[in-house]
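Down below is the structure, laid out as structure tokens.
The values are calculated or read from the model by the stated rules, or taken from the named source; none is laboratory data. All figures in this text were calculated on a predicted structure; none of them were measured in a lab. All Cβ positions, even for glycine, are placed from backbone atoms using ideal geometry, and neighbour counts span all protein chains on display. Surface accessibility is based on the protein's heavy atoms, side chains included, excluding ligands, DNA and RNA. Shrake-Rupley method; radii C 1.70, N 1.55, O 1.52, S 1.80 Å.
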Amino acid sequence: SGFASIARLPFGSKVDEACIARPASAAPKERIVLYEFEACPFCRRVREALSQLDLTVEVRPCPKDAVKHRAEVDAMGDKLTFPFLVDPNTDAGKGGMYESEDICRYLYDTYGNGAEFPEGIVSTTVLTGWMPTLLRAGRGMTRYANATTHRKKDDPIEPLTLYNYEGNQFARLAREALCELELPYVLFNCGKGSPRRATLTEVA
């Protein structure tokens with residue numbers, strides 16, 4: 001997992017300066033929802049952008065053989081590809097968005113507080129975006145065969161809580177497990193420089 005993190009440095013580790021200074025009034029009022037799976041390099045670039053923007057989102061994992069969240073995307077969108085982001089706070093985002101580069105640029109335009117878009121998140125994917133997937137041997141790609149299925153498909157599942165930043169090797173292990181178990185979670189990003197680290201210290 002450590003080598004997987006090194007492969008994507010410096011992306012997803014440090015909060016952009018402009019976002020540290022972002023006023024509370026400019027933050028999303030309603031929770032953004034991201035449908036994705038951990039092993040996907042295009043989902044990864046969105047998670048990197050979210051870490052650098054210091055945004056909190058609800059992640060609904062969509063691994064291969066998922067029994068719940070892929071069906072939600074299928075019902076809302078016109079294709080079953082990932083990532084898929086829903087932002088109820090804007091007209092552009094509330095209907096759902098595909099294409100990782102479009103999502104990253106949208107997030108920076110909407111919540112970046114003037115931060116320059118990090119072109120490297122997009123341009124380096126073809127070179128290093130697949131490295132974490134290969135180094136981790138596809139972990140976070142397929143639903144664990146013995147994951148519990150005692151709930152009915154339409155029953156709500158209360159999301160767990162995860163404090164994280166994308167470049168953290170230990171957080172990756174937790175995200176892989178959550179993805180393979182198809183467990184939704186609220187992702188509180190707290191990269192280097194994030195004011196949220198003080199909250200993490202308090203709850204820990």
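Being of a type outside the set (S, T, N, Q), assigned to a helix (DSSP H, G or I) and either more than 28 Å from ALA27 (Cα to Cα) or touching an Asp or Glu at 6+ places or on another chain (Cβ under 9 Å) (or both) is the requirement here; does ARG139 meet it?
On the way: of a type outside the set (S, T, N, Q): yes; assigned to a helix (DSSP H, G or I): no; either more than 28 Å from ALA27 (Cα to Cα) or touching an Asp or Glu at 6+ places or on another chain (Cβ under 9 Å) (or both): yes.
Against the criterion (of a type outside the set (S, T, N, Q), assigned to a helix (DSSP H, G or I) and either more than 28 Å from ALA27 (Cα to Cα) or touching an Asp or Glu at 6+ places or on another chain (Cβ under 9 Å) (or both)), ARG139 does not qualify.
Among the conditions (1) touching a Gly at 6+ places or on another chain (Cβ under 9 Å); (2) part of a helix (DSSP H, G or I); (3) of a type outside the set (Ser, Thr, Tyr), GLU166 misses just one, which is (2). Screening GLU176 on (1) surrounded by 21 or more Cβ atoms within 10 Å (Cβ to Cβ); (2) outside any loop (DSSP other than H, G, I, E, B); (3) modelled with pLDDT under 95; (4) not aromatic (Phe, Trp, Tyr) shows it passes everything except condition (3). Within 13 Å of LEU107 (Cα to Cα) and among the hydrophobic types (A, V, I, L, M, F, W, C): does that describe VAL33? For VAL33, the condition - within 13 Å of LEU107 (Cα to Cα) and among the hydrophobic types (A, V, I, L, M, F, W, C) - is met. Residue pairs whose Cβ atoms lie under 6 Å apart, separated by 6 or more positions or on different chains, with the first residue in the stretch 164-177 and closer than 19 Å to VAL15 by Cβ and the second part of a helix (DSSP H, G or I) and not hydrophobic (A, V, I, L, M, F, W, C), are TYR165/SER51; GLU166/ARG47; GLU166/GLU48; GLU166/SER51; GLY167/SER5; GLN169/GLY2; GLN169/SER5.
When restricted to residues that are modelled with pLDDT of 95 or more, open to solvent by 40 Å² or more (accessible area, probe 1.4 Å) and among the hydrophobic types (A, V, I, L, M, F, W, C), the stretch 142-169 contains 1.
The residues of the stretch 122-141 that are exposed (fewer than 12 other Cβ atoms within 10 Å of the Cβ) and at pLDDT 90 or above amount to a single one, SER123.
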